Structures are given as structure tokens and as C-alpha cells.
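Asker: Structure incoming, see below.
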Amino acid sequence: MGRINGIHLGARIQKPPSIPPKFPSQLWGRPDSPLVPPKPADEFGGRPERKQKPPYYVLTMFSYPSGDKLHMGHWYCYAPTDSYARFKRMQGYEVFEPMGFDSFGLPAENYAIKTGVHPAISTANNIGFMREQLKKIGAMYDWDYEVVTSSPDYYKWTQWWFLLMYKRGLAYQKDALVNWCPNCQTVLANEQVGADNLCERCDTPVERRKMRQWFFRISDYNQRLLDGLETIDWPEKTKAMQRYWIGKSEGTEISFKIQNSKFQIPSSDSEAPLSPPISADENGGRPETPPNPPADARGNQVNVFTTRADTLFGVTYVVLAPEHPLVKEIATEEQMGAVEEYVSKALSLSEVDRQMEDRPKTGVFTGAHCVHPLTGDSVPVWVADYVIGSYGTGAVMAVPAHDARDFAFAKTYRLPIKEVIKPSEAPLSPPISADEHVGRPEQAFTEKGVMFDSGEFSGLSSEEGIRAVGRKLESIGKGKPTVTWHLRDWTVSRQRYWGAPIPMVHCDNCGIVPVPEEQLPVLLPQDVKEYKPKGKSPLASVESFIQTTCPTCGQAAERDPDTMDTFVCSSWYYLRYPDARLDSAPFDREHLKELFPVHQYVGGPEHAMGHLIYSRFFGKVAKDEGWFPYEEPFSRLIHQGIILNKGERMSKSKGNTVAPEPVLERVGSDVLRCYLMFSGDYTQGGDWSEGGISGIERFIARVWRLGMAIAEAPLSPPISADANGGRSEEAVPREVERRLHQTIHAVGHDLQAFAFNTQLARLMELTNVIYAWVGSDLKGVTKSAAKIETVETLIKLIAPSAPHLAEELWHQFGHQTTVFDAAWPDFDAEKIKADTVTIAVQINGKLRDTFEALSGTDKTALERMALDLDKVRTMLEGKDLAKVIVVPGKIVNLVMKG
RNA sequence: GCCGGGAUGGUGAAAUGGUAGACACAGGGGACUUAAAAUCCCCAGGGAAUAAAAUCCCGUGCCGGUUCGAGUCCGGCUCCCGGCACCA
């Protein structure tokens, strides 16, 4: 405890001059402030005291150690959250507030490519710098638990996680399309591809290429990821985004038999089942999970997924995605050339191009036809890239009359449009033949309605129709209810150097072999000459790394040359913190049981999709493994708002980051953190400006002067008991006492709610009230038990927000231990109640007068008092009262007739 | 297009359906000072009225509605910010 107690502190601080004190603002949180932030009182390594307090885990998203350094945006996340942590500590919790660095990733590697500086070196430099910056915040971070994801003692366990995923059948390899720059000979991340589809480094058009990649089967968890959202206290917005992203969609899978395929399987009883499982090769012996792969390439049918089976009679063609394996099977000879050309062009399009807004719909007729499962009509099969190959079955039934995309496509290629749904309020008109509809509707009617022209189903509502058509299809073996998900499996391979190597070995004899756990970590080689990949991961050309022996057969084998997505590293760091120095396991189960789920998580809303979904996935896997006893890792989440600079997000590339240092040097961290907190709703953020910071400086100085004045004042002379209601001690005036308790109540409530701005406003009010009591010029102030108690309470209340100030004052009042070990003050609900209240008098809802009444005055009395007011009498003169509404303690509303 | 969030004084912003603008900034006035800074006190939404008051009217993006009473609830818009987007 020596490093946090006040003896140490008092010895270093020069005693401030007596009244009027010179305002020593520099002391409070100035970078060389002598205040060592208090650490959690107990280590998590099993000290007995730990058990005496309930644990409380306050976590902020760790940061990426770039040359950017910390800017105001980081401060805005970290400083107020630390205030929350200090508040919880004073409430008697054993607060755990760790900090670390998410230090693998592209920027360090790009920097290395540009300058030749090894990522390990630039990263270490940046971490060193940022750690010092973080210390200046004056947060309670316990650096003994620091986590650095690029350090071998951390990524060893990231690799361990990979093996765990593999063991549980959750890691598998398959081909996937990646962004490829033919000039740099490298794979690009989506964010490295510009809006114009050019490589961000060399401006070469980016292509797409198929590569063998590792995936995590997050889709196995889609239902649990969806259900878990109901149980956590997260911003609704974030939960909504995740729900949408997971994208559960219930519908019907329908099969259309191919009519004239070259490879038609003749017999009618040999129809392939719906969505036949693909070969389960290296896939852990398990079939692919949704999103479904394109339907069976050997089959003689196209399976489509639809949520609108009620529109089945409006199908006028069927569309396959370009990557659908049936495309080349069924294309007729006449069409084959056009089809192949179209497919190769479509597949080489980058993700960016393909997703370009308002891109005109293109496609090619395959020459093949299929059979409508209910009408038996012949339906042409097209291939078009507006169908997403990786969603559903990779094929759709096109209903141009009732789907905007199909409609646009049908218009372009003059395909028939057949209406089968009309608004429910419209009368059922006699059916019109399909031909009459060609080119006729102006737009697709995509709402639900009533079916018509749909055989036995005509007249049913869409909802009924969806079920009825589904049942019918199922009964004839042409369809079944299906659920599809938007959430796709997570590609974790990166053809990059600066990441955790994938702990897998490729052996000619044994195939893919996981590196045995005891051989971890697979160290990232340091002696890399060329970070720039030449068609492969940079590690592929590091012989000493690649060449190894097979753990199973002992023959020569090769390591996997890829590294892991950095989101893997950050998906479990919160589990590592409590045991950051443990080297026999990634974490100690007992600690996880005690400390989890994380009580409060704080971070930017930009992570709603990636990090926050991946982390939930990891949490669920840890639970299934028995390591982690909870379904959700973060029980409460708050997103801080974003601090803008002249309306723009701060970023290094824009060169518009605001460095905290100049402000910090000038005003100290207490003022800066309070200023950030005072500026408005924490979740709202806003434009950075220094206007108004002087108000906080004044406030902090006012509290300081008040505290010092009382601490150094002479004792009050004894008061004659007769003149003081029988007490010889000075008492706190009733009104001051009331405001004090009100403030205790409000500040506690607001801090719990992250309403930092209003709790500071309440503290300012209280400070003003105390000034008025003790004498606003602080001249001739005397000390009394009442004043000491009041000011000490103020010090405690302000401590979370201005820790340096509070700690110094606390010691000035003679305390030897940290103010953060002082108990958070209790309020007395009785003392909060005002003796009298102002009652507003309204006439016909308009405010006309107010009066004072004893609080607790009943309705009848209040009404009588209101009616008795001169002004009210004049206004009511000669009029009839129709109604009187009385809300005790608030208003009396007199409603007149006419 | 879809899903969120927002719009309140000169500025940042407060406000469980009950006195809109708390708390601050900038501004004005005063005290202290030889003076300035710092500090302390007071004023301050807009308008009309007045010597000054009293007093009255108008005000929370726009249009309606519910209610004794709406910044707050409901319906319909406009604009701004964030996210997602050919997901059948």
C-alpha cells in the first residue's frame, strides 16, 4: 500500500501557500504529478483480502499502438471510464481495470515496408510512448496486468485458441475470394482497396482471386449469438445491428428440375435431395454449414431460397449466381461462350465494384430451362451477378412483378412480368394472362397482399400462402421450410507477416496436422528481409520458419505460412487480463468465475459488428469448453461518443488529430478529464473545442480554495449552546444539508448511468452552496466539525472526476490513506426532502403564478391556497371553474369553463 | 432504400407528461485594486410595455393529434449524423 498512501504524497507536494492560495493547477494531474494512481488493493493472484469485496471488472477497449499516439478521442474513452471505475471502487468493489495493446496488424507492417523498420521495433516504440501517455490520464490501470497481443507469451495462447477451435471442429479450410493486387503481388484487406477499386499503394486495379483460407465456423453459433442479445445490457442500436448482421431469415427452399441439361440424369426417381451435403474432406468430418454452398453440381435441379413462397406462381425465370457450379453444367452449347465470358468477368470484379451502388443489372441466358414445380411450365435459367453466391443456395427464383431487383433485371432483358399478388384492400379482379403483363407494371409490388392467378392458392393472403405453398411443395418433395443466415463463417487467414502464425503443419503423408500444444508458441521469425509478399504470405519465403517436421510422422513438412486476423487476438484479451502473467494456461478458471462476465465494457460504436460479435463467439466457445461459466462475456456495454475535429473524425491520414499534451500541460489531467465529461452526453460525443474549459479550471480551483481554506482555518470559537438550539457545535444549515444529500444522491445516480455532465453540474451547485454558507470570499473562515464533514463529503464526491485534486485535499484534511479507500457517502432520503416547495399555478394550462407551500400539503389545501392568490382571484372573477387538477408538490391547474 | 440517433438561447447543453433553458462558456453590470489580472457578487431566450417595475405575448426543426397540461406521448413530414446495403 506504500505506493498509494498519502505519506508518500504529502512528502512530495509542497505545502500550498495559505489563503489566498495561488492556484496551483499544474499540480493536478500535471504529467509529473507525484500522485501515483491507486491500484486495485489486491492482486488477483489469490490474496485473501480479495474475497472480502465483490469484484468489479471495468474494461475499456485496448488500443492499437500506431504512430498516431493517443488523441483526444482516446482520452474521451479512457478518462471518464476511469472515473466510473473509481466510483465503483469507493462503493466498496474490488475494481479490476486493466490496459493493454492490440499490437499486431497491418499499419506496423506497412510502415516496415515503407521504412524497413521491423514491426517489432516500431510497435515496441509506440507502446512505450503510449503507455506513458496513458499514465498521464491518471487512471487506475494496473500495469502488472498489461497485455500485448504481439508478444509471444500472448500469441502463444492465441494459437492455443486456434487449436481449440480446430479440435472442436470450428476451424476449417476452404477456398475463398480475396482482393488481389497484381502489381504488389499481394492480398489486400478491404480497407486497402479504394472506392475506385484501386490498390491504395500502387493504384493498380484490384482483382479477385481464389485462395485456400482458414475459417472459423461462427455460423454454428448464429442462434446463440442471436438469443444472447436478449440477455445483455447493451445499447439497443448495437444489438439491432448485430441482429441484422446475423440476419436470420425463415423461408422455403424450392427445387426446380433442369429440363435440358447436357448432363441430365434420366430417371425420375434419382432426384437429388435438397441441399445435399458436400464432401466432408478436411472439414473435420462435418458438412458445410450455412450459408449453403451452391447446390449439388451433379444434380439435375436448381434449389432456390425464398421468403415469399406465395409469389411462386409469378416466377418467370430462375437466376444462378456466377459462382454457382451448375452454371457450366447446364449452359447450352450456343450459350456457353457468352456464359463463360460473363462468369469470368463477374468473378474478377472486386467486392467493391460488385457492390457499387445502383450498378446496372447484368446477366446472360444459359440456354437451359427448368420446370416450375407446381405449374410444370418451362422457365428459363439465367446467370447474373445480382445473385449472391454465398447466401442461401446461390440461386433465386425471379418474380419480377414482386421483387424490385428481379423487376429491374426483367425490364433490362425484356423478360415476362407476371403479377400474382395484389394489395389486400384491392378487389380481386379477374385473372389476366401473363402475356398481357409484359412491360406493363411500372414497378414491382413488393408488399404482402392477396394471391391471385395462383391456381388453388388464389385468394389466400401472403402469410397463409407462404405456409400453404410450402406444405404443398413439401408433400411432393419439391421444397421444405429452411432458415438461412446472413452471418458467414469468419475468414481468419491473412497473407501477412505481422500477426500470430497459424499453428498448423502441412504434411505430405498426414495432411493437415495441428502443432501440439506443448510446442507452442510457433514463433514469428524475426529475421524477415522482405515483408512485401510475392504472391504468398511473407512467411512462405522464410525457409527456417516454413521447413519443419510433421508432429505425427516425423517426416519433413511445411508450416502454414499465414497469420491470423488481428480480430482473433482481440476476441479473448479480456479473458487474459486477470492472468496476464500466467504461463501454464491462457487463464485460470477460478479467476474467470470470480470476475466475469465483465461488469462494464466501454468502447467505440465502430466495433459493433466485428470485435463485439467475434468476442461473443469466443465467449461461447470458452463456455462450451468449460473454461468460462457464462454465455455472454460483457454484461453491460456503453459506447462513448466520438470526438470530432471541425465536424470530421480524427485520424492520422487526415492529419486532424488533436493531441492532449498541450492542453494537459496547461490545465492538468483533472481539468481535462472533467472538461471532457462536462461537454455533454457521453454517448453523443461532439466537436472538440477548448471553449468553456476555463469554466472547469475555475471550478476545480474553487474546490481547491474552499478545501484549503477549511483545512487551514482556525477552529471556530465555541458557540453558546443557548443561541444554537442547545448545541455547542456549529450545525450544518438545513438548506446546505439538504443540498448535500441531494447531491450525494444525484452524483451517485449519474455516475452509475455514465451521466458525467450532470453529476459535475450538481457538484458545481453544491460547491456554490457551500461557498455561500462559509462566506464566498473565504475571508475569516473558521473550521468546525460541520464544515469539515461537509467539505470532506464534497471531496469524496468529486474524487472520481478529479482524482488528483481530491487526493491532495484529502491528505490536507489529515487523512493518511487514499481517498479511494474512503467509503462513498450515503444519503439520507429524509434530509433530501425540502421543507417547502414552490407550487406552480396554471390557469387553463398556462403558468400564471407560483406560491410556496409546506411540502406534504394535501390536495385540498393546495387548491384552496391557489384559489386564494390575488392574481388568481382577479383572473377567475366572474368565471366558472370547470375542473381543478392538483399534483402535490408540483402544480395546481385551474380549468375554467368556456 | 433499410436500421439507429439527433434537431432546445450567441455557444456547450439540462429537463420521471407538471414553472423550458439547470450547470457552464462567451457577453453586460458592479465590488475589490493606483491599475490590470485573478477573485467575488448581480443580470441575461425573444418581443411588447415601463422611469424602473408590475404585466402581457411568442418561443424546444415543420404540420396535425391525444391530454387539464406536450421538448417529452401518437401520426405525417424536413434536414443532419452514424451504420448497413442486390441477403431474395
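The values are calculated or read from the model by the stated rules, or taken from the named source; none is laboratory data. All figures in this text were calculated on a predicted structure; none of them were measured in a lab. Glycine gets a Cβ as well: all are built from the backbone with ideal geometry, and neighbour counts include every protein chain shown.
Condition check ((1) more than 22 Å from A:PHE162 (Cβ to Cβ); (2) modelled with pLDDT of 95 or more) across all residues:
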{"residue": "A:GLN555", "(1), (2)": "yes, no"}
{"residue": "A:THR563", "(1), (2)": "no, no"}
{"residue": "A:TYR573", "(1), (2)": "no, yes"}
{"residue": "A:GLU594", "(1), (2)": "yes, no"}
{"residue": "A:VAL602", "(1), (2)": "yes, yes"}
{"residue": "A:GLY610", "(1), (2)": "no, no"}
{"residue": "A:PRO629", "(1), (2)": "yes, no"}
{"residue": "A:ILE642", "(1), (2)": "yes, no"}
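Asker: I need the full set of residues from segment A:770-782 which are surrounded by fewer than 20 Cβ atoms within 10 Å (Cβ to Cβ) and either within 10 Å of RNA strand B (Cβ to nearest atom) or farther than 18 Å from A:ILE832 by Cβ (or both), in order please.
Answerer: Here is the first cut: in segment A:770-782, the ones surrounded by fewer than 20 Cβ atoms within 10 Å (Cβ to Cβ) are A:771-773, A:775-782.
Result: A:TYR771, A:ALA772, A:GLY775, A:SER776, A:ASP777, A:LEU778, A:LYS779, A:GLY780, A:VAL781, A:THR782.
Asker: Can I ask one more? Taking segment A:663-693 only, how many residues are part of a loop (DSSP other than H, G, I, E, B) and either basic (Lys, Arg) or surrounded by 13 or more Cβ atoms within 10 Å (Cβ to Cβ) (or both)? Reasoning before the result, please.
Answerer: If we filter segment A:663-693 for residues that are part of a loop (DSSP other than H, G, I, E, B), which is where we start, we get A:679-685, A:688-692.
Then keep just the ones that are either basic (Lys, Arg) or surrounded by 13 or more Cβ atoms within 10 Å (Cβ to Cβ) (or both); that gives A:679-683, A:685, A:688.
Of the residues in that region, 7 qualify.
Asker: Kindly establish whether A:ALA368 is surrounded by 17 or more Cβ atoms within 10 Å (Cβ to Cβ), at pLDDT below 95 and more than 16 Å from RNA strand B (Cβ to nearest atom). So that I can check it myself, show each step before the final result.
Answerer: Values: surrounded by 17 or more Cβ atoms within 10 Å (Cβ to Cβ): yes; at pLDDT below 95: yes; more than 16 Å from RNA strand B (Cβ to nearest atom): yes.
So A:ALA368 fits the description; yes.
Asker: Are there any pairs, at least 6 apart or on different chains, whose C-beta atoms fall under 6 Å, with the first in segment A:396-408 and within 15 Å of A:ARG359 (Cβ to Cβ) and the second near RNA strand B (Cβ under 9 Å from one of its atoms), and if so, which?
Answerer: Every condition considered, the pairs that remain are A:ARG405/A:TYR386; A:ALA408/A:LYS361.
Asker: For A:GLU648, are the conditions met, namely being modelled with pLDDT under 90, acidic (Asp, Glu) and within 13 Å of RNA strand B (Cβ to nearest atom)? Walk me through it before giving the result.
Answerer: Working: modelled with pLDDT under 90: yes; acidic (Asp, Glu): yes; within 13 Å of RNA strand B (Cβ to nearest atom): yes.
The answer is yes for A:GLU648.
Asker: When segment A:246-259 is examined, which residues are found to be surrounded by fewer than 16 Cβ atoms within 10 Å (Cβ to Cβ) and either closer than 24 Å to A:HIS607 by Cα or near RNA strand B (Cβ under 7 Å from one of its atoms) (or both)? Explain how you work it out, then say what you get.
Answerer: Looking only at segment A:246-259, we keep the residues that are surrounded by fewer than 16 Cβ atoms within 10 Å (Cβ to Cβ), and these are A:248-250.
Within segment A:246-259, A:LYS248, A:SER249 qualify.
Asker: Taking only segment A:867-880 into account, find how many residues are touching a strand residue (DSSP E or B) at 6+ places or on another chain (Cβ under 9 Å) and within 12 Å of RNA strand B (Cβ to nearest atom).
Answerer: Count: 5.
Asker: Let me ask you something else. Kindly check whether there is at least one residue in segment A:688-703 that is touching a strand residue (DSSP E or B) at 6+ places or on another chain (Cβ under 8 Å) and over 21 Å from A:ALA85 (Cα atoms). Spell out how you get there, then give the answer.
Answerer: To start, the set of residues in segment A:688-703 that are touching a strand residue (DSSP E or B) at 6+ places or on another chain (Cβ under 8 Å) comprises A:688.
Filter again for over 21 Å from A:ALA85 (Cα atoms), leaving A:688.
Yes, the conditions are met somewhere in segment A:688-703.
Asker: Next question. Within segment A:750-769, how many residues turn out to be without any contact (Cβ under 8 Å) to a residue 24 or more places away in the chain and within 6 Å of RNA strand B (Cβ to nearest atom)? Write out each step before concluding.
Answerer: Restricting attention to segment A:750-769, the residues satisfying the condition of being without any contact (Cβ under 8 Å) to a residue 24 or more places away in the chain are A:750, A:753, A:758, A:762, A:768.
From the residues that got through so far, the ones that are within 6 Å of RNA strand B (Cβ to nearest atom) too are A:758, A:768.
Result for segment A:750-769: 2.
Asker: Related question: If A:GLU712 passes every condition in (1) at pLDDT 95 or above; (2) acidic (Asp, Glu); (3) away from RNA strand B (no atom under 16 Å from the Cβ) but one, which one does it miss?
Answerer: Checking A:GLU712 against (1) at pLDDT 95 or above; (2) acidic (Asp, Glu); (3) away from RNA strand B (no atom under 16 Å from the Cβ), the one that fails is (1).
Asker: Look through A:THR838, A:THR782 and report the one residue that is among the hydroxyl-bearing types (Ser, Thr, Tyr), assigned by TED's automatic domain parsing to the domain that holds A:PRO888 and touching a strand residue (DSSP E or B) at 6+ places or on another chain (Cβ under 8 Å).
Answerer: Details: A:THR782 fails: assigned by TED's automatic domain parsing to the domain that holds A:PRO888.
Sole residue among the options that is among the hydroxyl-bearing types (Ser, Thr, Tyr), assigned by TED's automatic domain parsing to the domain that holds A:PRO888 and touching a strand residue (DSSP E or B) at 6+ places or on another chain (Cβ under 8 Å): A:THR838.
Asker: Moving on to the next point. Could you please tell me which pairs satisfy a Cβ distance under 9 Å, a separation of 6+ or placement on different chains, a first residue in segment A:67-78 that is farther than 14 Å from A:TRP688 by Cβ, and a second residue that is of a type in the set (Phe, Trp, Tyr) and part of a loop (DSSP other than H, G, I, E, B)?
Answerer: A:TYR78/A:TYR141
Asker: Output yes when any residue across segment A:231-244 is of a type outside the set (A, V, I, L, M), assigned to a loop (DSSP other than H, G, I, E, B) and modelled with pLDDT of 90 or more, and no when none is. Talk me through it step by step, then tell me what you get.
Answerer: Initial filter on segment A:231-244 (of a type outside the set (A, V, I, L, M)): A:231, A:233-239, A:242-244.
Filter once more, keeping what is assigned to a loop (DSSP other than H, G, I, E, B): A:234-235.
Applying the additional criterion that residues be modelled with pLDDT of 90 or more yields A:234-235.
Within segment A:231-244, one or more residues are of a type outside the set (A, V, I, L, M), assigned to a loop (DSSP other than H, G, I, E, B) and modelled with pLDDT of 90 or more.
Asker: Filtering segment A:225-242 down to residues that are without any contact (Cβ under 8 Å) to a residue 40 or more places away in the chain and of a type in the set (Asp, Glu), which residue is farthest from RNA strand B (Cβ to nearest atom)?
Answerer: Our first condition is that a residue be without any contact (Cβ under 8 Å) to a residue 40 or more places away in the chain; within segment A:225-242, this holds for A:226-227, A:229-230, A:236, A:239-240.
Now drop any that are not of a type in the set (Asp, Glu), which leaves A:227, A:230, A:236.
Values: A:ASP227: 18, A:GLU230: 16, A:GLU236: 6 Å.
If we take residues in segment A:225-242 being without any contact (Cβ under 8 Å) to a residue 40 or more places away in the chain and of a type in the set (Asp, Glu), then A:ASP227 is farthest from RNA strand B (Cβ to nearest atom).
Asker: Hand me the list of helices (runs of 4 or more DSSP H) wholly inside segment A:794-898 holding 2 or more residues that are without any contact (Cβ under 8 Å) to a residue 24 or more places away in the chain and of a type in the set (D, E, K, R). Steps first, please.
Answerer: Details: elements: A:803-812, A:829-832, A:859-867, A:870-876.
The qualifying helices (runs of 4 or more DSSP H) are A:870-876.
Asker: Please work out which residue is surrounded by the most Cβ atoms within 10 Å (Cβ to Cβ), limiting yourself to segment A:884-898 and to residues that are within 12 Å of RNA strand B (Cβ to nearest atom) and over 52 Å from the mean Cα position of the chain (by Cα).
Answerer: A:MET896
Asker: May I ask you to list the residues in segment A:380-413 that are surrounded by fewer than 19 Cβ atoms within 10 Å (Cβ to Cβ) and more than 8 Å from RNA strand B (Cβ to nearest atom)?
Answerer: A:LYS411, A:THR412, A:TYR413
Asker: Right, something else. Could you tell me whether segment A:849-864 includes any residue that is of a type in the set (D, E, K, R) and either in the same structural domain as A:THR743 (by TED's automatic domain parsing) or buried (at least 20 other Cβ atoms within 10 Å of the Cβ) (or both)? Spell out the reasoning first.
Answerer: Initial filter on segment A:849-864 (of a type in the set (D, E, K, R)): A:849, A:852, A:858-859, A:863-864.
Within this subset, residues satisfying the condition of being either in the same structural domain as A:THR743 (by TED's automatic domain parsing) or buried (at least 20 other Cβ atoms within 10 Å of the Cβ) (or both) are none.
Scanning segment A:849-864 turns up no residue that is of a type in the set (D, E, K, R) and either in the same structural domain as A:THR743 (by TED's automatic domain parsing) or buried (at least 20 other Cβ atoms within 10 Å of the Cβ) (or both).
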